Amino acid sequence: MGTDIEKWEDLPGFKMSEMDLAYAAGFLDGEGCFSISKSNHWKASVSCSNTDREIVAWFHENFGGHFYKNPTKRRANHRPVYQWKVVSNNAAAVCSLIAPYLRQKTEQALLIIALQQTMNFQGARKGLPAEIIEQRNWFSDHCQELKRVTA
């Protein structure tokens, strides 16, 4: 799968119930962001933001990663925004766990998993082969394309 974790049992979220994984997938289908950035050597991430601290903290507690509170409100009468984010191998691990339950963002999750599988390349000292670079760029471009609205 392309993670540092040796066994499925060690993955964040592995011991969650099927119902919790389905809930996480449903929430991330609607409120989540699956992305692959070309900067920083193709970094994959899964994140969600919400004004409900408890739900964002739930993701952090169950899947690890990072928990942020937006330090400034958009307006005086707005509630603070909280964000959860996992990157790289942990993003691929989360995608592997929830992919069977996703409806809208399945392909984006599968692209993150595929990208991470290329990250363990132990090639020549002169850099990555052109085909690996081409694959990673395609994963990133295609993930971005899936986010575009077409009407």
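The values are calculated or read from the model by the stated rules, or taken from the named source; none is laboratory data. Because the structure is a prediction, the values reported are computed rather than measured. Cβ placement follows ideal geometry from the backbone for every residue including glycine, while neighbour counts extend to all protein chains displayed. Each accessible area value is taken on the protein alone, full model and side chains, heavy atoms only, with ligands, DNA and RNA left out. Shrake-Rupley method; radii C 1.70, N 1.55, O 1.52, S 1.80 Å.
Conditions tested, residue by residue: (1) among the β-branched types (Val, Ile, Thr); (2) touching a Gly at 6+ places or on another chain (Cβ under 6 Å); (3) closer than 21 Å to Ile133 by Cα.
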{"site": "Phe63", "(1), (2), (3)": "no, yes, no"}
{"site": "Asn70", "(1), (2), (3)": "no, no, no"}
{"site": "Gln83", "(1), (2), (3)": "no, no, no"}
{"site": "Ala91", "(1), (2), (3)": "no, no, yes"}
{"site": "Lys105", "(1), (2), (3)": "no, no, no"}
{"site": "Gln108", "(1), (2), (3)": "no, no, yes"}
{"site": "Ile112", "(1), (2), (3)": "yes, no, yes"}
{"site": "Gln117", "(1), (2), (3)": "no, yes, yes"}
Problem - Qualifying residue in segment 111-132 (condition: modelled with pLDDT of 95 or more and touching a Leu at 6+ places or on another chain (Cβ under 9 Å)) - result: yes
Practice task
Go through segment 81-91 and give me each residue that's touching a helix residue (DSSP H, G or I) at 6+ places or on another chain (Cβ under 8 Å) and not aromatic (Phe, Trp, Tyr).
Solution key: Gln83, Val86, Ser88, Asn89, Asn90, Ala91
Handout entry: Of all residues in segment 32-63 being part of a helix (DSSP H, G or I) and in contact with a helix residue (DSSP H, G or I) (Cβ under 9 Å, 6 or more places away or on another chain), the one that is most open to solvent (accessible area, probe 1.4 Å)
Key = His41
Completion exercise
Result of the Cβ filter at 7 Å on segment 44-64, keeping first residues that are more than 17 Å from Gly30 (Cβ to Cβ) and partners that are part of a strand (DSSP E or B) and open to solvent by 10 Å² or more (accessible area, probe 1.4 Å), at least 6 apart or interchain, is Ala44/Ile36; Ala44/Val87; Ser45/Ser35; Ser45/Lys85; Ser45/Val87; Arg53/Tyr82; Ala57/Phe67; His60/Phe67
Practice task
Tell me which residues, restricted to segment 64-107, are open to solvent by 70 Å² or more (accessible area, probe 1.4 Å) and either in a strand (DSSP E or B) or closer than 20 Å to Ser17 by Cβ (or both).
Solution key: His66, Tyr68, Lys69, Pro100, Arg103
